[in-house]
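Notes follow once the structure below has been shown.
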Amino acid sequence: MEEIIDSNTAWRQLSQLFMAIAFFHSSEYVLAIVFHGKFNVSLSSLLISKQYVLAMCCSVLEYMLEISVFPQLKEYRWISNIGLLLVVTGEIIRKAAIITAGRAFTHMIKIYHEDHHELVTHGIYRI
C-alpha cells in the first residue's frame, strides 16, 4: 500500500482534481463580481452546498478506494491526461458562455423575466 500511495501519477491526479475545483469555484465567484458588482454577489456564487461537499468527500473516498483496490489503473497517465483535457475544455466553454452572457448570466435560477434581461444569441450561444 505504501508504494501505491507514493505513486507520482496518483498524487498528480489528486492534485489536479483539487486545483481544478479551486479554479472553478474562485473563477465563478470572480466573474459574478465582475458582471454584477461586489455588493450584488453572495457567497452562494461559490456554488458550494452541503450536498456538494458530501459529493466531493465521496469522490475522494472513491479515489482512495480505487488506489488501494486497483492501483494499476492509476499508472495509465494518458487516461488522466484525457480527463484533464476534458476538464479544461469544459471550463473554457463555460467561461466563454459566462463572459458572452455578461450581466445576463447569474447563478440564481429565475422563474420570471426581468426587464433588463435579453436572450443571448451571439458568441458561443450561437452554436
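The values are calculated or read from the model by the stated rules, or taken from the named source; none is laboratory data. Predicted model, so just to flag it, every value in this text is computed and none were measured. FYI the Cβ positions are ideal-geometry reconstructions off the backbone, even for glycines, and counts take in every protein chain you see. The area values use the complete protein model at the heavy-atom level, side chains included, leaving out ligands, DNA and RNA. Shrake-Rupley method; radii C 1.70, N 1.55, O 1.52, S 1.80 Å.
Data for the structure
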quantity: Evaluation of residue 91 against (1) in a helix (DSSP H, G or I); (2) charged (D, E, K, R); (3) loosely packed, with under 14 Cβ neighbours inside 10 Å (one fails), failing number; calculated: (3)
quantity: Given (1) under 18 Å from residue 29 (Cβ atoms); (2) part of a loop (DSSP other than H, G, I, E, B); (3) not charged (D, E, K, R), number of the condition residue 117 does not satisfy; calculated: (1)
quantity: Matching helices (runs of 4 or more DSSP H) fully within region 1-80 where at least 1 residues are within 22 Å of residue 91 (Cα to Cα) and open to solvent by 80 Å² or more (accessible area, probe 1.4 Å); calculated: 8-36, 50-69
quantity: Any hit, region 93-113, residues being aliphatic (A, V, I, L, M) and under 13 Å from the mean Cα position of the chain (by Cα); calculated: yes
quantity: Subset of region 94-107 (residues that are touching a residue at least 24 places away in the same chain (Cβ under 8 Å) and either loosely packed, with under 12 Cβ neighbours inside 10 Å or assigned to a helix (DSSP H, G or I) (or both)); calculated: 95, 96, 97, 98, 99, 100, 101, 102, 103
